[in-house]
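S.K.: First the structure, then my questions, so here it is.
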Amino acid sequence: MRFLVRTLPLGAPFGNRASTASTGALSFVPPCRSTDAQYVEQLQDFMSQVKHLFVMTGAGLSTESGIPDYRSEKVGLYARTDRRPMEHMEFIRSAKSRQRYWARNFVGWPQFSSHQPNAAHRALQQWEERSKLHWLVTQNVDALHSKAGQKRLTELHGCTHRVICLSCGDISAREDLQRHFEALNPDWTAHAGAVAPDGDVFVEDEQVLHFKVPSCECCGGILKPDVTFFGDTVSKAKVQFVHERLAESDAVLVVGSSLQVYSGYRFVLAANDRKIPIALINIGPTRADHLAQIKVSGRCGEVLSLIQAS
Ligand SMILES: [Zn+2]
């Protein structure tokens, strides 16, 4: 397959119609101008030639559902707060850290779990229905692709809606754990502030001290959200599985990811090695801009809604 589109220079000018993203569910979408029509046309040409599309998505997709990302300027969690996500070894080693993590997660859960898919998730689900999309890999842990009905899906870093026992490996629903938390902590209250991309919120240490955390119902082991924390690695079997789906694809589209985390970036490098053409949709620069045939800067939902995938 051959693509007759030119690579866009970084910082290419965009259209004059400025659009704002400052209220409601769009509070966590970085400011951006409306996407220039010519770049959307180029992406449409690209898509018209694709038969088996491999898609990788990141936090930029979910900001339009009201979930902040970590790295965006001004609106990302790193820019707004000094909070940092849980490290894997800290969770494993420290009962106090686990207690704090689960107390905060318990408070944030009702709001975090209520987020709904947006136009971008729905567009990708429709591409799957029309057999355009071969496989979707997401770096997000918010379950919004599965809520949208996506089936051909790998959650690269797991999903906060599942809980795993570190001893026996039993998987259970996070929703069930919420009921266990409530039963164990009938008089415990705390208020949720801003909720992070993994459902974390800030809770005072004094309150955390009194929060009770249940053990695995099967074996008494330690419960952990079924997500890959920072400092942990994705299993070899999962990485291999994704490489196989990539090898079956004839084009790659990355949506809403700056690709700063290697566990996702490696698949774009592999696509480049295989001479599989790459397109990107993201607000702001990505680590793979120099590898892409097409780069569209704009909101994911807005751009994907404009693309015909038949
Ligand atoms: Zn267990």
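Each value in this text was obtained by applying a stated rule to the coordinates, not by laboratory testing. Just so we're clear, the structure is a prediction, and the values are computed from it rather than from any experiment. We place every Cβ from the backbone using ideal geometry, glycine too, and count neighbours over all the protein chains shown.
S.K.: Full extension from Tyr262 to Glu87: what is 0.36 nm times the residue separation minus their Cα-Cα distance, to one decimal in nm?
M.R.: Gain on stretching Tyr262 to Glu87: 61.4 nm.
S.K.: Take the alpha carbon gyration tensor of the range 93-197, find the square roots of its eigenvalues, order them as a ≥ b ≥ c, and report rounded if a/c is under 1.5; if not, report prolate when a/b exceeds b/c, else oblate.
M.R.: prolate
S.K.: Starting from the eigenvalues of the Cα gyration tensor, five times each then square-rooted, give me the equivalent ellipsoid semi-axes of the range 165-310, largest first, whole Å.
M.R.: For the range 165-310, the ellipsoid semi-axes come out as 39, 21, 14 Å.
S.K.: Related question: So for the pair Asp45, Arg179, with labels modelled 7 Å out along Cα→Cβ, what separation do we get in nm?
M.R.: My value for the distance between the label points is 5.6 nm.
S.K.: I would also like to ask the following. In debye, nearest 20: dipole of the range 170-310 around its Cα centre with unit charges on the Cβ of K, R (+) and D, E (-)?
M.R.: Rounded to the nearest 20 debye, it is 840 debye.
S.K.: Here is a further query. What list do you get for Phe91, Phe54 if you sort them by fewest beta carbons within 10 Å?
M.R.: Details: Phe91 21, Phe54 26.
In order of increasing Cβ crowding within 10 Å: Phe91, Phe54.
S.K.: For Arg274 and His210, compute 0.36 nm times the residue count separating them, minus their Cα-Cα distance, and round to one decimal in nm.
M.R.: Using 0.36 nm per residue and subtracting the Cα-Cα distance, I get 17.6 nm.
S.K.: With an 8 Å cut-off on Cα pairs and a minimum separation of 6 or more residues, tell me the relative contact order of the range 105-188 in percent.
M.R.: 24 percent
S.K.: At 0.36 nm per residue, minus the direct Cα-Cα distance, what do Glu244 and Gln126 gain on full extension? Give it in nm, one decimal, please.
M.R.: Gain on stretching Glu244 to Gln126: 40.2 nm.
S.K.: If the cut-off is 30 Å between C-alpha atoms, which lysines fall inside it for Lys275, apart from same-chain ones fewer than 8 positions away?
M.R.: Straight-distance partners of Lys275: Lys51, Lys132, Lys151, Lys236, Lys238, Lys295.
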